[in-house]
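A quick write-up on the structure given underneath.
The values are calculated or read from the model by the stated rules, or taken from the named source; none is laboratory data. Treat the numbers as computed from the prediction; the structure is a model and nothing was measured. Glycine gets a Cβ as well: all are built from the backbone with ideal geometry, and neighbour counts include every protein chain shown.
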Amino acid sequence: MLTNLFSLKELQTGEIKRLLEDAQAFRDGAAVPNFSGKIACNLFFEPSTRTQYSFQVAEEKLGLRVISFDPGSSSLAKKETFYDTVRVFDCFNVDLLVIRAHTRYYDELAGHMHTPIVSGGDGTGDHPSQSLLDLLTIRQEFGGFDGVKIAICGDIVHSRVAHTNYEVMQRMGMDVYVSGPQEYMEPGLRFMEFEQAVRECDILMMLRIQHERHEGQEGMTDAQYHTQYGLTAERVEQMKKGAIIMHPAPVNRGVEIADELVEHPRSRIFKQMENGVYVRMAAIRRSLEGELWR
């Protein structure tokens, strides 16, 4: 049976903690498994910097050879389907597929592939490795999760990061809220006004406005958004002692967060990126070792 990673909803909290422990051990300099001779294919059908290349760094640290797929020069231009494109690489008898796509792609692949798949994100649905690196950063900062209060702020409806984090962070014992313009919210999620979130939360996780998913909808300008919902120097002064700033990136500087705050002492944005390599090493190890990992 393949050990895929499509969504953290598929994992018990014990498995999530094990992945975080593995990632922290890698960060702390523990011995790294050697998967020399194995091949990973990174199939990114959506643009990516942090996720795609941190997966590549993770794979190379584990000894894998890496093939990076370029959609623009592939047979997708000849109307080949997404499914057939992925099956091509599956037929090459490689050892791992890392896939990002515009939709919840894994439903059409499950049961048809012979190669384990680790998701690099699917449309607005799930982003499991991003949530793992967020959890690792929070655990490093607060020593655990119970009672840590976080507000995920911004374009909730279009954010796979928000969707994954809201569910898994609650399950891990955190006190989770969403905040931002009402037009970006989803029903059923715990809402907190932004100014209250700034004052009361241990973590402000700022999100990018995903204009590419808005399909021509008109909204407030970047300047208006920054004034009403952006993290400014004045708002940072209102944050509680020990509170931190997070962001999955890419960051729209001067929109959801002021330029000078990206590397503010409260910011953990680049630490999140560093942790991304180690959680992806842990996720890759889980998929390659399969039942042995358990």
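A few points about this structure:
- For segment 256-266, the set of residues classified as surrounded by fewer than 21 Cβ atoms within 10 Å (Cβ to Cβ) and either in the same structural domain as TYR53 (by TED's automatic domain parsing) or not basic (Lys, Arg) (or both) consists of ALA258, ASP259, GLU260, VAL262, GLU263, HIS264, PRO265, listed by residue number.
- Among the residues listed as LEU19, LEU64, the single one being touching a helix residue (DSSP H, G or I) at 6+ places or on another chain (Cβ under 6 Å), more than 22 Å from PRO250 (Cβ to Cβ) and surrounded by 16 or more Cβ atoms within 10 Å (Cβ to Cβ): LEU19
- When GLN52 is tested against (1) surrounded by fewer than 16 Cβ atoms within 10 Å (Cβ to Cβ); (2) among the polar types (S, T, N, Q); (3) under 21 Å from the mean Cα position of the chain (by Cα), just one condition goes unmet, and that condition is (1).
- Summed over segment 5-24, residues that are closer than 23 Å to ASP122 by Cα and of a type in the set (Asp, Glu) total 2.
The rows are residues; the columns are (1) closer than 30 Å to ASN4 by Cβ; (2) among the aromatic types (Phe, Trp, Tyr); (3) touching a residue at least 24 places away in the same chain (Cβ under 8 Å).
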| site | (1), (2), (3) |
| --- | --- |
| VAL178 | yes, no, yes |
| MET185 | no, no, yes |
| PHE191 | no, yes, no |
| ASP202 | no, no, yes |
| ARG208 | yes, no, yes |
| THR221 | no, no, no |
| GLU234 | no, no, no |
| TYR278 | yes, yes, yes |
| LEU288 | yes, no, yes |
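- Each residue in segment 78-112 was checked for being aliphatic (A, V, I, L, M), crowded, with 17+ Cβ neighbours inside 10 Å and part of a loop (DSSP other than H, G, I, E, B), and 1 of them qualify.
- Evaluation of VAL32 against (1) surrounded by fewer than 16 Cβ atoms within 10 Å (Cβ to Cβ); (2) part of a helix (DSSP H, G or I) (one fails), failing number: (2)
- From the list VAL198, VAL168, the lone residue that is modelled with pLDDT of 95 or more and within 13 Å of ALA151 (Cα to Cα) is VAL198.
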